[in-house]
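Trainee: Would you mind keeping the following structure in view while I ask a few things?
The values are calculated or read from the model by the stated rules, or taken from the named source; none is laboratory data. All values derive from a computational prediction rather than experimental measurement. Cβ sites come from the backbone with ideal geometry, for glycine too, and all protein chains shown count toward neighbours. We work out accessible area using only protein heavy atoms, side chains counted, and drop any ligands, DNA or RNA first. Shrake-Rupley method; radii C 1.70, N 1.55, O 1.52, S 1.80 Å.
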Amino acid sequence: MYKKLWVLFSGTMLAQLIPLFTLPIITRLFGPEEIGIYSLYLTVVSIGVIFTTMRFEMAIPLVSHKKIKQVLINIIYINFIAASLFAFFLTIFLNNINLFSHYNPYSIGILAFISVNSVGIYQVFYQYGIKNTEFKVVSTNKVTNQINIAILSLIIGYFLNSYLIWAVVIAQILCIITLKFRLKLDFADTVFSFKQLKETILEYRKFPLLQLPIQLLSTLSSNSMLLATSFLFTSQELGFYSLTERILRSPISILGSGSADLFKNMATKEMEDKGNCAKSYKKILVFNFITGIPIFVVLYFIIELVIYYFFGEIWMESARYSKILIPSLFAMYIVYPVNYLFILYDYQNIEFYIQAVQLLAIVLAVLWIFNKNLNITDLLIIYAVISTVISILTGILGFLIIKLNKR
């Protein structure tokens, strides 16, 4: 089992690293405007998929093998119908406010329909693969998908220098075709009926009722700055911010995940021995603080050189954005493992409220900036302050939870 889990983990890690390694080439083939539009498109699709699958795919591991294929078909139908509605309303919205520059609103609507359908189906197949412990298959498919996106991006970038969105759309279609083939899924003997569709919706209705709001809030919160930038500023500024986020999130994602795993191990053992994890919590915060100082200080001083030599002079505005955000990312890194503490003490709902407060604060900041006609620098500074305050409050909440639950 551990070997299979390692295969899944390593595949996920490699799939995350491929886009990072190819990014310096992509940014030289496509300008800031195209990268900004591409990032916005991916965000729109990630939000759309939450609505179209309604999180029914999360129920797949609970479904019996006897009726699994019928449930898969039902969820795919739900996804298709909801994706049609999502694309329809998105097209109407873009006809009034076109956020995708040189892309026609109708073409974005069609592409979004294809992408949301493809990603929704992929999530269904992925959960089916996990249920059947096909870790190697789903892991390999993740890596293959990122390789396809990289190759298609390079081809489209070399010949067109535009339309980067097409690379991800084609790769998404290839992804579900290959995953279905590798999982040996055959729906020939499965017949769709509205009666069975209704039964699936009623049986697993808790997932859209409980999981959908949580996932939607999480996605909106994590992408709030990108969405705000797309509404308030130009596609070029959106591109600069997008690169900034992709560069700065990498050390947090990789290093933070490692410290989180370390904390999980320490905290679980301490909970078993002492009934609390106060010592482990203090240790991990100190560890992240000490290790974070050299990492983020060095990053602050070399970020201009990194962007200039790896991504090109045209992207130097991203270096200025990065310097504004690095201190807040340092604060986020320190408290990265706190989420597991919420799980240990059964306070998962606190994370929901934290995200809600952060999202509300950013929305209010966006409205204020729009009213005052301020620039993107002001937005970045306000966002950095909000993120830092939220991180500090999250760390303090961790200590309060431990204190309230001492045995």
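Trainee: Over the Cα atoms of the stretch 141-288, what radius of gyration and what Dmax do you get, in Å?
Mentor: For the stretch 141-288, the Cα-based Rg and Dmax read 22.4, 63 Å.
Trainee: So if we plug the beta-carbon distance of SER253 and LEU85 into 1/(1 + (r/R0)^6) with R0 = 30 Å, what FRET efficiency do we get, rounded to 0.05? Kindly include the intermediate steps, with their values, before the conclusion.
Mentor: Numbers: r = 33 Å, r/R0 = 1.10.
The formula returns an efficiency of 0.35 here.
Trainee: Could you give the length gained by full extension between ASN104 and THR219, i.e. 0.36 nm per residue of separation minus their alpha carbon distance, to one decimal place?
Mentor: Gain on extension, ASN104 to THR219, equals 38.8 nm.
Trainee: Of the listed peptides 301-307, 190-196, 385-391, what is their order by residue-averaged count of other C-beta atoms within 10 Å, with the highest listed first?
Mentor: 385-391, 301-307, 190-196
Trainee: When the dipole is taken about the Cα centre of the stretch 294-398, and only Lys, Arg (+1) and Asp, Glu (-1) are charged at their Cβ, what size is it in debye, to the nearest 20?
Mentor: On the way: 3 positive and 6 negative charges, 33 e Å.
Here the stretch 294-398 has a charge dipole of around 160 debye.
Trainee: To continue, here is another question. Find the accessible area per residue for the chain; the probe is 1.4 Å, ligands and nucleic acids are left out, and the unit is Å².
Mentor: Accessible area per residue: 50 Å².
Trainee: May I pose another question? Say the dipole of the chain comes from +1 at the beta carbon of Lys and Arg and -1 at that of Asp and Glu; which of GLN348, VAL297, VAL385 then lies farthest toward its positive end?
Mentor: The residue sitting most towards the positive pole is GLN348.
Trainee: If you wrap a convex hull around the Cα atoms of the stretch 155-219, how much volume per residue is inside, in Å³?
Mentor: Normalising the Cα hull of the stretch 155-219 by residue number yields 172 Å³.
Trainee: Something else about it: Once you charge only the Cβ atoms, +1 for Lys and Arg and -1 for Asp and Glu, what is the size of the charge dipole of the stretch 233-351 about its Cα centre, to the nearest 20 debye?
Mentor: 340 debye
Trainee: Then there is this: Express in Å², to the nearest 10, the accessible area of TRP368 obtained by rolling a 1.4 Å probe over the protein heavy atoms while all chains stay in place.
Mentor: 130 Å²
Trainee: Let me ask another. Using the Kirkwood formula over every pair of different C-alpha atoms, what hydrodynamic radius in Å results for the stretch 85-193?
Mentor: Details: mean 1/r = 0.0641 Å⁻¹.
Its Kirkwood hydrodynamic radius stands at 15.6 Å.
Trainee: Is it possible to state the helix-based mean residue ellipticity at 222 nm for the chain, with each DSSP H run of 4+ residues giving -39500 (n - 2.57), the sum divided by total residues, to the nearest 500 deg cm²/dmol? What is it?
Mentor: Rounded to the nearest 500, the figure is -28500 deg cm²/dmol.
Trainee: Follow-up. Given q = 0.09, 0.11, 0.19, 0.22 Å⁻¹, what are the Debye log10 I(q)/I(0) values for the stretch 259-407, with equal point scatterers placed on the Cα positions and solvent ignored?
Mentor: Cα-only, vacuum Debye calculation for the stretch 259-407: -0.38, -0.54, -1.12, -1.28.
Trainee: By how many nm would the segment from ASP378 to THR291 lengthen if fully extended, with 0.36 nm per residue of separation less the alpha-carbon distance?
Mentor: Numbers: separation 87, 0.36 × 87 = 31.32 nm, distance 2.95 nm.
Taking ASP378 through THR291 to full extension adds about 28.4 nm, to one decimal.
Trainee: Output needed for the chain: three equivalent-ellipsoid semi-axes, defined as square roots of 5 times the C-alpha gyration tensor eigenvalues, in descending order, whole Å.
Mentor: 33, 30, 22
Trainee: Which value, in debye to the nearest 20, gives the size of the charge dipole of the stretch 131-215 about its Cα centre, when Lys and Arg are +1 and Asp and Glu are -1 at the Cβ?
Mentor: In debye, rounded to 20, the stretch 131-215 gives about 180.
Trainee: For the residue pair GLU313 and PHE370, what label-to-label distance in nm results when each label sits 7 Å from Cα along the Cα-to-beta-carbon direction?
Mentor: Distance between the two pseudo-spin positions: 3.8 nm.
Trainee: Any idea what log10 I(q)/I(0) is at q = 0.19, 0.23, 0.25, 0.27 Å⁻¹ for the stretch 289-335, Debye with uniform C-alpha scatterers and no solvent?
Mentor: -0.58, -0.77, -0.85, -0.92
Trainee: So how much slack lies between ILE130 and ILE392, counting 0.36 nm per residue of separation and subtracting their Cα-Cα distance, in nm?
Mentor: Between ILE130 and ILE392, full extension yields 90.7 nm more.
Trainee: Could you tell me which residue out of MET271, SER218, GLY398 lies farthest along the dipole of the chain toward its positive end? Charges go on the beta carbon: Lys and Arg +1, Asp and Glu -1, centred on the Cα centre.
Mentor: My answer, from the dipole projection, is MET271.
Trainee: Please list 144-152, 374-382 highest first by mean number of surrounding beta-carbon atoms within 10 Å per residue.
Mentor: Per-residue mean Cβ counts within 10 Å order the peptides as 144-152, 374-382.
Trainee: Starting from a Cα-only point model with no solvent, please compute log10 I(q)/I(0) by Debye for the stretch 311-389 at q = 0.17, 0.26 1/Å.
Mentor: -0.81, -1.19
Trainee: Here's a follow-up. Roughly how large, in nm² to one decimal, is the mean projection of the convex hull of the alpha-carbon atoms in the stretch 218-336?
Mentor: 8.3 nm²
Trainee: Let me ask another. Select from ASN104, MET58, TYR163 the residue farthest towards the positive end of the dipole of the chain; place +1 on Cβ of Lys and Arg, -1 on Cβ of Asp and Glu, and compute about the Cα centre.
Mentor: Highest projection toward the positive end goes to MET58.
Trainee: Considering only protein heavy atoms and a 1.4 Å probe, what is the carbon-and-sulfur percentage of the accessible area of the stretch 324-407?
Mentor: Answer for the stretch 324-407: carbon and sulfur cover 68 percent of the accessible area.
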